[in-house]
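Each remark here refers to the structure printed beneath this line.
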Amino acid sequence: MDDQRVLDRIDELVKEEEELLHRHEGEGLDDDEHARLEELKLQLDKTWDYLRQRRSLREAGDDPDEASMRDGGTVEDYGTVAPFDDTDADAPE
């Protein structure tokens, strides 16, 4: 899949996500819609990750077609930010 097809897929997923969210503004989503929203978020994470892989491989002079779609467990925590700990045990007092 070339980069343009990946970008087109991202656009499709984003449009579906927006339609789902706007369809029920102020009402909330039912269980099926909430599950679909979570699936869309995961598919977007996986597709963005795939595009980043392709771009990185190309920049490194490698074949972007060597990129692969990673499983959901690998990409689902990409948006999670760990708390910053600025304490340094080795810092001088």
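Quick notes on this one:
- For the range 59-73, backbone phi angles converted through the Karplus equation (6.51, -1.76, 1.60; θ = phi - 60°) give residue-by-residue couplings of 4, 7, x, 9, 7, x, 6, 7, 5, 9, 6, 7, 6, x, x Hz, Gly and Pro being listed as x.
- D (Stokes-Einstein, µm²/s), Kirkwood Cα radius, the range 1-62, 0.692 mPa s at 37 °C: 254 µm²/s
- Charged-residue dipole, Cβ positions (Lys, Arg, Asp, Glu), the range 11-62 about Cα centre, Debye nearest 20: 580 debye
Read-outs: derived from the displayed coordinates by stated rules, not from any lab. Treat the numbers as computed from the prediction; the structure is a model and nothing was measured. Note that we place each Cβ from the backbone using ideal geometry, even for glycine, and neighbour counts take in every protein chain shown.
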